[in-house]
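Okay, so here's the structure we're looking at.
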Amino acid sequence: MFFGDPYRFAIFAECIPDWNPPSGSFYNGLFYYSIDGNFFPQDLRTATLCVDVNTLLDPANALYTPPINAEVFAMPGPDAFKYLYSLTWPESTAEEEYPEGDPVYRADTENISESGASVFAVSDGKMVRILAARMQRLVQKKDSDRYEWVDKKALNIAEITLASSEIAAILDKIKNYYSSLTPLPE
């Protein structure tokens with residue numbers, strides 16, 4: 001079910017009963033963001049809905065609590081995305097092999113980030129700008145049956161700007177949908 005306008009911003013969440021374990025301990029299904037008509041993740045992936053919904057509705061998620069930064073909000077899309085990505089996942093240096101990033105702008109969920117995509121949100125206080133791109137892709141190693149993540153050379157950044165109230169309404173609908181799922185039989 002779509003929550004929002006998939007040509008602008010929407011979240012698609014759907015429980016698929018046949019994908020759920022017999023124990024009824026959790027719900028599997030589909031979970032996607034649609035940003036300016038682009039889907040994240042881009043491929044078919046099974047989502048554990050409680051994980052994605054709880055991540056989305058966590059106050060630490062930038063869609064739930066959009067961080068205010070007028071300077072980043074006003075940057076051109078590619079510059080804003082690259083800045084937010086480098087802030088979230090800083091490069092290793094000789095002094096610090098594993099630098100700690102700042103996740104405050106992260107708006108993705110596990111299903112989305114595990115697909116190689118990154119989603120960020122930033123606000124000017126009234127509007128929220130959402131930026132997303134697939135940063136990596138999984139490719140098969142040459143002469144091997146193994147796969148590895150490879151950075152994408154050209155980024156296609158999807159972005160949209162919405163009123164904070166519009167995002168809040170979508171999140172309320174997701175919360176109500178998830179709460180309405182019938183408990184699975186044990």
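Cβ separations smaller than 6 Å between residues 6+ apart or across chains give the following pairs from segment 68-91 residues that are open to solvent by 80 Å² or more (accessible area, probe 1.4 Å) to residues that are among the polar types (S, T, N, Q): I68/S123. Evaluate segment 113-129: report whether one residue or more is in a strand (DSSP E or B) and without any contact (Cβ under 8 Å) to a residue 40 or more places away in the chain. The answer is yes; a qualifying residue exists. Within segment 93-109, the set of residues being open to solvent by 60 Å² or more (accessible area, probe 1.4 Å) and at pLDDT below 90 comprises T93, A94, E95, E96, E97, Y98, E100. Within segment 35-55, being open to solvent by less than 40 Å² (accessible area, probe 1.4 Å) and assigned to a helix (DSSP H, G or I) holds for L49, C50, D52, V53, T55. Among the residues of segment 157-171, is any at pLDDT 90 or above, of a type outside the set (V, I, T), within 13 Å of F40 (Cβ to Cβ) and touching a Lys or Arg at 6+ places or on another chain (Cβ under 8 Å)? Within segment 157-171 (the criterion being at pLDDT 90 or above, of a type outside the set (V, I, T), within 13 Å of F40 (Cβ to Cβ) and touching a Lys or Arg at 6+ places or on another chain (Cβ under 8 Å)), the answer is yes, since at least one residue qualifies.
The residue that is surrounded by the most Cβ atoms within 10 Å (Cβ to Cβ), among those in segment 2-34 that are within 17 Å of the chain's Cα centre (by Cα) and not in a strand (DSSP E or B), is P6. As a summary of the residue check, D58 satisfies the conditions (1) touching a residue at least 12 places away in the same chain (Cβ under 8 Å); (2) surrounded by fewer than 14 Cβ atoms within 10 Å (Cβ to Cβ); (3) within 20 Å of Y177 (Cα to Cα); (4) under 15 Å from the mean Cα position of the chain (by Cα) except for the one numbered (1). Return yes when Y64 is surrounded by 14 or more Cβ atoms within 10 Å (Cβ to Cβ), touching a residue at least 40 places away in the same chain (Cβ under 8 Å), among the aromatic types (F, W, Y) and in a loop (DSSP other than H, G, I, E, B) and no when it is not. In short, yes.
Residues that are at pLDDT 95 or above, open to solvent by 60 Å² or more (accessible area, probe 1.4 Å) and of a type outside the set (K, R) do occur in segment 126-134.
The values are calculated or read from the model by the stated rules, or taken from the named source; none is laboratory data. The shown structure was predicted, so the numbers you read here are calculated from the model rather than taken from an experiment. Positions of Cβ are backbone-derived with ideal geometry, glycine not excepted, and every protein chain shown enters the neighbour counts. Ligands, DNA and RNA are excluded from the accessible area calculation, which covers all protein heavy atoms including side chains. Shrake-Rupley method; radii C 1.70, N 1.55, O 1.52, S 1.80 Å.
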